[in-house]
Amino acid sequence: MSRSFYVGDIEPESIKCKYEDGVLTLEFPKENQPKLPESHSITIE
């Protein structure tokens, strides 16, 4: 049996996988995403 899926532009060398107790775990690094601006809170009285 085999399965396949598309995950985007990821370097194959950076994917980590582990098979333990019948469970396959895959880890994909996040792409460099732009940093969101800091949030600000305003107190309303």
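Here are some notes:
- Selected residue (criterion: surrounded by the fewest Cβ atoms within 10 Å (Cβ to Cβ)) from residues of the chain that are touching a Ser or Thr at 6+ places or on another chain (Cβ under 9 Å) and assigned to a loop (DSSP other than H, G, I, E, B): Pro29
- Boolean, Glu27 is modelled with pLDDT of 85 or more and touching a strand residue (DSSP E or B) at 6+ places or on another chain (Cβ under 8 Å): yes
The values are calculated or read from the model by the stated rules, or taken from the named source; none is laboratory data. On a predicted model such as this, the values are computed, not experimentally measured, just so you know. Cβ: placed from backbone, ideal geometry, glycine included. Neighbour counts: every protein chain shown.
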